[in-house]
Each structure stands twice: as C-alpha cells, then as structure tokens.
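Engineer: My questions will all concern the structure given below.
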Amino acid sequence: MSKAENVIAAQPRSEFGDNASRRLRKSGFIPAVIYSRGQESVAVALKTEEWQVAYAKKASLYTITLEGKEIPAIVKEVQFNHLKNYVYHVDFQAVDMSAEIHANVKLHAFGDCYGASHGGVLEQEVHELPVSCTPDALPDMIKVDVTNLKVGDALTVADLVLPAGVKVRGLDATEIVFHVVLPTEDTVSEEGSAEPEAINEKKAEARAAEKAKK
C-alpha cells in the first residue's frame, strides 16, 4: 500500500463542545483527534469530502498532513450518526513506522466455493484477524481463497497465506476461519421463518427479562 494514495489533509481545531462540532460539520468538516503515545493528543478538522474518499478505500494506514508535517496513523474509531447517516467524529492513532503495532485486519473470501455450489453452506467464523507487523506492512485486508473447499472441509489460521512481515497474534493455529457445512435448521434464521406475532412475542419477552435484571 502506498502512503501517497491515502493522504488526508487536516487543520488545527481550537473550539470544542457540541455546538462547535455542529458548526464545524455544517461548514463541511469533521472533528477528529490524533492520539500519540507519550504525547498530548491533537484536535484537528478534516474536510468531509476528502475523508469520505479516503475512508471508502478501507485502507489500514493513512498519512495525515498537518501544518507541514506528515503523520502516519491508523484509524482507532469512527463514530457514526446512524439515524442521519453521517460521520461525526474520527479518532486516529499516530504510529512509529519502525515499530511493530497490533491491529485487526478484515478477512475477505474470494473464489467460487466448490462445496457451496454442491449443497453446502460456506461459513466464516473469523471476520477480523488480529495481527502484529510494522505499519508499512499492514494490509488493508487479507484475501482467502475458498475455491477448493468441499463440504466438510475447513481452513484454519495455519492455512492462511499472510503478507510478508505480518504475524497472527492471540489465535490458535488450529482455529477455524472458514468451513463448509451441510445446511441445517440452525443455518436458517429463526426470525425469518417465524410468524410476525411470534417474533414480537419473543422480543417482548426479552425486554421483560432485561427489565427484571435491573
């Protein structure tokens, strides 16, 4: 991944609070914070359109330009307003390009799975892989070829082909990532096959049980 493809310009931010953030968003910017180990965090503003273009690439590493400096960083958290469908805050973690970092990388299956085409169901048990590597080796995603998986076959952590310099952390090598199983009642959504009245009744019971715990 080229850092030049994931550059985000930022400008210092000196006003804080909900009202200041609303004004910032109305003017076409998103409030953000850059955290650095051993240093004070830096409040910045990002152009909304520029952030949307960069984030759509689902990159793992970004270069933030701020007052003539280039800050390599990974995204810690993106806070969404799901009702109105917009981003209202972004947290970055600045990284040392020479030091190893821990991050989670999404796993993406590709290929026409043989077992899924012959009566089976491809199931993914691990969606994000915890890894350690230097920032420049951090992949945007890890693609897993499931083409040859037959019914009853599985791919484990040990079977994954990782990019150079990337190591899995915290998972056993025998842990299943993808496998193909025969369809059962468990693979069909209970809510999808239930009557609406039954669904509402289950939800009402769940709410009542939750209240009883409080």
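The values are calculated or read from the model by the stated rules, or taken from the named source; none is laboratory data. Remember, it's a predicted structure, so these values are computed and weren't measured experimentally. FYI the Cβ positions are ideal-geometry reconstructions off the backbone, even for glycines, and counts take in every protein chain you see. Surface areas here come from the heavy atoms of the whole protein model, side chains and all, with no ligands, DNA or RNA. Shrake-Rupley method; radii C 1.70, N 1.55, O 1.52, S 1.80 Å.
Engineer: Rank these residues by their accessible area, most exposed first, probe 1.4 Å: Glu67, Glu175.
Structural biologist: My answer, sorted largest first, is Glu67, Glu175.
Engineer: Related question: Considering only protein heavy atoms, with the full assembly of protein chains and a 1.4 angstrom probe, order Ser132, Ser27, Ser14 by accessible area, largest first.
Structural biologist: Largest accessible area first, the list is Ser14, Ser27, Ser132.
Engineer: Further question: Tabulate in residue order the Karplus-calculated ³J(HN,Hα) for segment 128-135, using 6.51 cos²θ - 1.76 cosθ + 1.60 with θ = phi - 60°, rounded to whole Hz; enter x for Gly and Pro.
Structural biologist: Whole-Hz 3J(HN,Hα) from phi for segment 128-135: 10, 9, x, 10, 10, 5, 6, x.
Engineer: Explain nothing, just the number: dipole magnitude of segment 34-179 about its Cα centre with +1 on each Lys and Arg Cβ and -1 on each Asp and Glu Cβ, in debye rounded to the nearest 20.
Structural biologist: 240
Engineer: Amide H of Ser60: which non-local residues (sequence gap of 5 or more, or other chain) have their own amide H closer than 5 Å, using H built in the peptide plane?
Structural biologist: Asp140
Engineer: If I take the Cα coordinates of segment 8-51 and project them onto the principal axes, what are the three extents in Å, biggest first?
Structural biologist: Computed over the Cα atoms, the extents are 33, 23, 11 Å.
Engineer: Just to check I understand the Karplus step: with θ = phi - 60° and J = 6.51 cos²θ - 1.76 cosθ + 1.60, what whole-Hz values come out for segment 167-178, glycine and proline as x?
Structural biologist: 10, 7, 10, x, 10, 6, 4, 8, 5, 6, 9, 10
Engineer: Hey, another quick one. In the structure displayed, which of Lys26/Lys143; Lys69/Lys143; Lys57/Lys84; Lys47/Lys167; Lys69/Lys106 lie more than 31 Å apart, Cα to Cα?
Structural biologist: From the list (Lys26/Lys143; Lys69/Lys143; Lys57/Lys84; Lys47/Lys167; Lys69/Lys106), the Cα-Cα distance tops 31 Å for Lys26/Lys143; Lys69/Lys143; Lys47/Lys167.
Engineer: May I pose another question? Of Ala10, Ser27, Val42, which is farthest along the charge dipole of segment 4-91 in the positive direction, counting Lys and Arg as +1 and Asp and Glu as -1 at C-beta?
Structural biologist: Ser27
Engineer: Amide H neighbours of Val7 under 5 Å, at least 5 residues apart or on other chains, H built in the peptide plane: list them.
Structural biologist: Distant-sequence amide H within range of Val7: Thr63.
Engineer: Taking the alpha-carbon centroid of each part, what is the distance from segment 136-185 to segment 1-76 in angstrom?
Structural biologist: What the calculation gives is 33 Å, centre to centre.
Engineer: Continuing with this model, one more query. List the residues whose amide H sits under 5 Å from the amide H of Leu129, counting only those 5 or more places along or on another chain, with H placed 1.01 Å from N in the peptide plane.
Structural biologist: Val105, Lys106, Leu107
Engineer: Okay, moving on. Kindly write out, for segment 83-96 in residue order, the coupling ³J(HN,Hα) from the Karplus curve 6.51 cos²θ - 1.76 cosθ + 1.60 (θ = phi - 60°), rounded to whole Hz, with x marking Gly and Pro.
Structural biologist: 5, 9, 6, 8, 8, 10, 6, 10, 10, 10, 10, 5, 10, 8
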